Amino acid sequence: MSQPAVVPATSMPGAPVLAEVVRSGFVEGRHRGSVVLLAADGSVQWSTGDVTSPVFPRSANKPMQAAGVLRTGLDLAGERLALAAASHSGEPFHRALVGAMLDEHGLTPDHLRCPPALPLDMEEQQAYLASGGRPDRVVMNCSGKHTAMLAASALRGWPLDSYRDPEHPLQRVIRTAVEDAAGEPVAAVGVDGCGAPLMAISLTGLARAFRSFVLAAPGTPERRVADAMRAHPEYVAGTRRHDTWLMRGIPGVLSKVGAEAVQAVALPDGRSLALKIDDGGVRALGPVLARALRLSGVTAPVVERIGRTPVLGGGEEVGEVRAVF
C-alpha cells in the first residue's frame with residue numbers, strides 16, 4: 001500500500017491565526033501561518049507556528065539563486081544583479097534592462113524558458129494592455145533571473161535549453177548556495193511558477209539565509225547580491241511594491257517577497273525574519289509583516305505604510321486586515 005504524502009505542519013489545521021479580516025466591526029475571515037524572528041546573534045528571538053518544517057519560499061529564494069549564478073563566475077553588478085534577484089513589476093525600465101542583458105550575453109528572448117506573462121503590477125498591466133502589449137517572456141516577473149541563469153550557462157559552456165533542469169550544472173551550484181545560506185539541506189525540489197527549480201527549506205533556514213547575506217564579507221557573492229538589491233530596490237520589485245518601500249525606507253534592510261504569501265527580511269545588524277501565510281492570502285501579508293517588524297524593534301514610518309490594508313464597502317473604508325499576534 002502506498003504511503004500518504006508528507007504534509008508540512010504549516011499547512012495543517014491548527015496553525016495560529018496571524019491576521020483577521022474585520023468588516024463593519026465583524027470578523028469575517030482569518031489567516032493562519034507561521035513567523036520566526038532571529039536576534040542579531042542568529043538565535044531565535046520569537047516564533048509562532050511551525051518554523052522548522054520545510055516550505056517552498058517561492059521567490060524569496062531568488063537572492064540565493066542570484067548568489068549561485070555569481071558563483072559560476074558570471075560578472076553581474078548594480079541594476080543587473082538586482083534584476084537577477086527580482087520579481088519585477090514589468091515596468092518599462094525592467095523590460096528594457098532584460099532586453100539589454102540578453103543582448104550583452106549573445107542571447108535572445110527565444111532562449112528564455114519562463115512562460116509569457118503580463119506585467120505583475122496591475123497599474124502597469126493596464127497601461128501595457130492599453131498600448132497593445134501581449135503576454136511575453138521578457139515581461140514575466142522572473143525574466144531577470146532566467147536571463148542571468150542563461151548568461152551563466154553560456155559563460156560556462158553548459159546547455160542552454162535545459163538550464164531549468166534540477167540536474168543541470170547551474171542548478172546544482174544554486175542548490176549548494178541555498179543550502180550554504182540556510183544552514184540546512186534542501187528538503188524537496190519542485191517546479192516554481194516560472195518553471196525553474198524550487199527548493200524547500202524551513203522558515204528558520206530562510207531567515208538564516210537573509211541574515212547571512214547582510215553579514216557576509218564585502219565582495220562575496222552573497223554580499224554582492226545583498227548590496228545590489230539594497231542599492232536598486234526598484235529593480236528587485238517596482239515603484240509601487242512593498243519590498244522597494246522597505247529597502248528605501250529603512251537603510252541597510254534586505255527584503256524579498258515570495259508567492260503564496262512568503263516574506264523574508266534582514267536588518268543590517270543581523271536581525272532577520274521569515275513568515276508564511278498558509279492560505280497564500282496576500283492581503284494579510286502587509287499587516288503580518290508590519291507586526292513582525294515591530295516585534296523585531298523596527299519603528300520606521302514605512303512599517304505603518306506596508307501594514308495598512310483597508311477593507312472597503314461601497315467604495316468606502318469599513319474595516320481592515322489586522323495582525324493579531
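Coordinate-derived values only; no laboratory data. This is a predicted model, so every value here is computed, not measured. Here Cβ is always computed from backbone atoms with ideal geometry, including for glycine, and neighbour counts include all displayed protein chains.
Here are some notes:
- Cα pair count fraction exceeding 19 Å, expressed as % - the stretch 1-135: 71 percent
- The helix-based estimate of mean residue ellipticity at 222 nm for the chain, built from -39,500 (n - 2.57) per DSSP H run of four or more residues and divided by its residue count, is -11000 deg cm²/dmol to the nearest 500.
- Considering only VAL302, VAL22, ALA66, and ranking their Cα positions along the charge dipole of the chain that arises from unit charges at the beta-carbon of Lys, Arg, Asp and Glu, the one farthest toward the positive end is VAL302.
- Cα gyration tensor, the stretch 137-228 - rounded (a/c under 1.5), prolate or oblate: prolate
- Equivalent ellipsoid semi-axes, the chain, via Cα gyration tensor eigenvalues times 5, rooted, Å: 30, 23, 20
- Near-label residues of the stretch 95-120 by backbone N, under 16 Å of a point 7 Å along Cα→Cβ of ALA130: 119
- Stokes-Einstein diffusion coefficient of the stretch 58-158, Kirkwood radius over Cα pairs, 10 °C, 1.306 mPa s, in µm²/s: 117 µm²/s
- Cα gyration tensor shape of the stretch 28-67, rounded if a/c is under 1.5, else prolate or oblate by comparing a/b with b/c: oblate
- Environment charge at ALA181 (Cβ cut-off 10 Å; Lys +1, Arg +1, Asp -1, Glu -1): -2
- The GLU28 and VAL191 beta-carbon pair, evaluated with R₀ = 35 Å, returns a calculated FRET efficiency of approximately 0.50.
- Charging the Cβ of each Asp and Glu at -1 and of each Lys and Arg at +1, and nothing else, the dipole of the chain about its Cα centre rounds to 360 debye.
- Largest-first ellipsoid semi-axes for the stretch 102-178, taking √(5λ) over the Cα gyration tensor eigenvalues, angstrom: 28, 13, 9
- For the listed peptides 128-135, 163-170, a ranking on the average number of other beta carbons within 10 Å per residue, highest first, reads 163-170, 128-135.
- Unit charges at the beta carbon, dipole of the chain: most positive-side option, THR220, GLN126, HIS168: THR220
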